[in-house]
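Laboratory data are not the source of any read-out in this text; all were calculated from the coordinates shown. Please read all numbers here as calculations on a predicted model, not as lab measurements. All Cβ positions, even for glycine, are placed from backbone atoms using ideal geometry, and neighbour counts span all protein chains on display.
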Amino acid sequence: MRAVTIREPGGPEVLTWTEVPDPEPGPGEVIIDVLASAVNRADILQRQGFYPVPPGASPYPGLECSGRIANVADDVTGWHAGQEVCALLAGGGYAERVAVPAVQLLPKPDAVTLTEAGALPEVACTVWSNMVDLARLRRGETVLIHGGGSGIGTFAIQLAKALGATVVTTARKAKHERLRELGADRTIDYTTEDFTEGTSADVILDIMGASYLASNVKALADGGRLVVIGLQGGRQAELDLGAMLGKRATVAATALRSRPVSQKATIVQGVLREVWPLIDSGTIRPVVDRTLPMSEAAEAHRVVEAGEHLGKVVLVNPAGA
Ligand SMILES: NC(=O)c1ccc[n+]([C@@H]2O[C@H](COP(=O)([O-])OP(=O)(O)OC[C@H]3O[C@@H](n4cnc5c(N)ncnc54)[C@H](OP(=O)(O)O)[C@@H]3O)[C@@H](O)[C@H]2O)c1
């Protein structure tokens, strides 16, 4: 089969569409003939050499995919060859075939194409596990979503809106109109505005980390929950515990990729139960900025690194699933 390999740590040009050995299903795993995968920020860090592949994971990039099941290990029940699925991966999505634990599979939702389904698992699992399961966002609350135009942000806005929350989001001005169409009640241009002004958020979904920590604490309401899922603004900063204490606030930070399969299985079950019906009904739509063949993964990375996209950049297997 062919896959996108990383020749050496570096710029987008180190990504090469090339012949590699076929994956074999381990116990509890299925093999997927991949139709689509999508670019996540972590893929760029991996390409640059800053995100070591977790032990046992595929060395190729790609944290999600869609396609058809090619075959299943003897001990797998409930899934069979030919089924259209998408999957949360620990790596290896930018490839014609991938092995994945069956517990990380999701059925293709009715309202989306199989290509679009390849852009859903990573954002759905990340956003649901952090904003809903961990931070307990409830109807009537206000959520501040940083980077509303990202793959994560476009999904989080729609899910928060569907849950009945008021949505405040930060993004460059050019993306604001589209984010309001997705359900954002208030858009803040982080390049010119102070997002703490007039903001009292019950939940903050943060992708910046250190550079936003103090402002995020300031923007939290009493009883507020800050969840950090990205460190685009650095990893170390001072936390004003006095401000946290006064507000009875909590701060948490999580990563999805390095979680054990058992935890990913629990998250996938939660997403299937609480998020999939919203996608099946068309309430939440995948936001696909553009679709490129996997052989042009370098161009896809260039687009995402430049921040030219809104939502997800999808990669398709040039040969189809
Ligand atoms: N912890 C986890 O398990 C997990 C899982 C998935 C993703 N993530 C993280 O979630 C983040 C989004 O991932 P993605 O793949 O969806 O990324 P992406 O599409 O590449 O988006 C990155 C976003 O960062 C925004 N941004 C840059 N500087 C900003 C600032 N100062 N204030 C507010 N927004 C700013 C950009 O907004 P503009 O384009 O408007 O400039 C862009 O929308 C990344 O940090 C990623 O590492 C974490």
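Quick notes
- Leu315 long-range amide H proximity, modeled H, under 5 Å: Ser37, Ala38, Val39, Leu292
- Selection from Leu256, Val287, Ala243 lying farthest towards where the dipole of region 231-294 points positive, charges on Cβ: Leu256
- Relative contact order computed over the chain (Cα-Cα under 8 Å; 6+ residues apart), in percent: 20
- Among Val30, Val251, Val227, the largest mean-square fluctuation in a Gaussian network model of the chain, built with springs joining Cα atoms closer than 10 Å, belongs to Val251.
- Cut-off under 5 Å, modelled amide H: who pairs with Val288 long-range: Lys312
- Most fluctuating residue given options Thr115, Thr191, Thr169, as computed from a GNM of the chain linking Cα atoms under 10 Å: Thr191
- Dimensions (Å) - region 1-97, Cα atoms, principal axes, largest first: 41, 23, 23
- Equivalent ellipsoid semi-axes, the chain, via Cα gyration tensor eigenvalues times 5, rooted, Å: 33, 21, 18
- The phi-based Karplus calculation (6.51 cos²θ - 1.76 cosθ + 1.60; θ = phi - 60°) puts the 3J(HN,Hα) values of region 61-78 at x, x, 9, 7, 7, 10, x, 10, 5, 8, 7, 10, 5, 4, 8, 8, 10, x Hz, whole numbers, x for Gly and Pro.
- Dividing the helix sum by the residues of the chain, where each DSSP H run of 4 or more adds -39500 (n - 2.57), gives a mean residue ellipticity at 222 nm of -7000 deg cm²/dmol.
- Contact order, relative form, for region 193-321: 17 percent (alpha carbon pairs under 8 Å, 6 or more residues apart, mean separation divided by residue count).
- Overall dimensions of region 26-148 as given by Cα atoms, namely Rg and Dmax in Å: 15.5, 47
- The mean sequence distance of close C-alpha pairs (under 8 Å, at least 6 residues apart), as a share of the length of region 28-149, puts its relative contact order at 30 percent.
- The residues packed around Arg172, meaning those with a beta-carbon under 13 Å from its beta-carbon, carry a net charge of -1 if Lys and Arg are +1 and Asp and Glu are -1.
- For Ala221, residues with placed amide H under 5 Å, excluding near neighbours: Ala201, Asp202
- From phi via Karplus (6.51, -1.76, 1.60), per-residue ³J(HN,Hα) for region 268-280 in Hz, x at Gly/Pro: 4, 5, x, 5, 4, 6, 10, 9, 4, x, 6, 7, 4
- Unsatisfied cross-links (Cα-Cα over 22 Å) in the set Lys108/Lys312; Lys161/Lys264; Lys161/Lys312; Lys108/Lys175: Lys161/Lys264; Lys108/Lys175
- Reducing region 24-55 and region 200-233 to their Cα centroids gives an inter-centroid distance of 28 Å.
- Taking a quarter of the surface of the Cα convex hull of region 121-276 gives a mean projected area of 8.8 nm².
- Overall dimensions of region 154-200 by Cα: Rg and Dmax, Å: 10.3, 30
- J(HN,Hα) series, region 299-304, from Karplus relation 6.51 cos²θ - 1.76 cosθ + 1.60, nearest Hz, glycine and proline x: 5, 4, 5, 4, 4, 5
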